[in-house]
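Taking it in order: structure first as structure tokens, then the write-up.
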Amino acid sequence: MLDDDVARVQELLARIKAEAEEASAQPAVPTGLAAAVLELSDRLGLYSDNESLDKTILAAAGGSQLAVDLQHVFCSGTLLTRLCSRAAVEQDPAAVTAFLRGLTSVVEALPSAAVDFVALRDVAGYIDDALAIAEHHHNAEAGSNTTSTLLAAQQHAMCQKMREAFVIFAFRCMQAPGAAERWGLSPASPALEPMLHLALGQLSAACQLAAEQPVGLAALPSKVRRQLLEQQPELEILANAHGKAWGAASLSRRLLATALEAAAQGRLNLQRLMLRAPGFIKVLDHYATQTTPQKHPHPRIQGLGVIGLVIVLLLQQRLFRYLTTPLPSQTDYPVLERAMAQRMQWIVAAAGLARLLHSTDIDAAALSPARGSSSSSGSGGERGWW
């Protein structure tokens, strides 16, 4: 079985390299190339989810040459440049998502791999733009029952999956020392704000999903839980929401220091940050409005929601300080007026957070560092990072 998988991986790598070179002049991603990337990423992901890739496929293949081929295909070169382009993000988000998932598997197995972070830094902006457009169309079509409504919903879902794949990859890479330097992130970096909003958006979405999870699902014995998920596959999305929320929260936190510097220099968009707060407030309201105490399957989600809102409020506050400094010209007064109006919105959100913290019993462990925790992913890895 493993030998067959190794042979298939090698066959797919050869096919991808050949098709990527042949299709380099074509504007769209060829169907055959996209299908090969999807299958290869699925195979790599299957082994990465159950056991380290370097202890399975790479070990069975003798390691060295297959490792070189995987790095050549995923970490640099024609395929990465092609699938990290604006055209690929707009025309084939499924192929971009598959590529990012495969890249994550390779980087986890080969942490010393030389990755072209410049192209990956740029793709954050393309994904952020594509998601904003998809959300606009999805919201505009909401409430109607037409073919265009279905297409808008499908495009929005694909862009969300693309965001999720990017956030997981960036989170994995950011755990290594010197990661920010390799990404080339600074307060003036054009990629900083898109990465920040991808992380905050993923955190908000995952927290809202986890808050909807049926009570007691995570507390069930593994065999019973597996049977339940087999009977109701849609619950798998909710069951995985906690890990996704934690990874997005960790990436947001790692970007926070640089983002605060950017906010102090007026480099972030205040209105976009204002739009982030309601999602986190909705998560906290879910817990605050419960009439009876109950053991939630993911009690730390409430803490992650608080952390997301705190990050947003901190960045807003830093921007307010920048915008309320004396301005050199009377033509800038409208900017100041808008800043003061948005400051009142910030005060309302901060007051709501304060009321929640005083009126609900938030698990203190969710907001305090945990000792002896692992940095690995999953339910045991979410502690000790704040």
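The values are calculated or read from the model by the stated rules, or taken from the named source; none is laboratory data. None of the values given here were measured: they were computed from a predicted structure. Accessible surface areas use protein heavy atoms only, side chains included; no ligands, DNA or RNA. Shrake-Rupley method; radii C 1.70, N 1.55, O 1.52, S 1.80 Å.
Couplings 3J(HN,Hα) for region 145-159, derived from phi with the Karplus relation 6.51 cos²θ - 1.76 cosθ + 1.60 (θ = phi - 60°), are 10, 10, 5, 5, 5, 5, 5, 5, 5, 5, 5, 5, 5, 5, 5 Hz, where x marks Gly and Pro.
Starting from the residue with the highest accessible area, list Met344, Met158 in decreasing order, probe 1.4 Å.
On the way: Met344 110, Met158 70 Å².
Result, largest first: Met344, Met158.
For region 125-130, the Karplus equation 6.51 cos²θ - 1.76 cosθ + 1.60, evaluated at θ = phi - 60°, returns couplings of x, 5, 5, 4, 5, 4 Hz by residue, with Gly and Pro reported as x.
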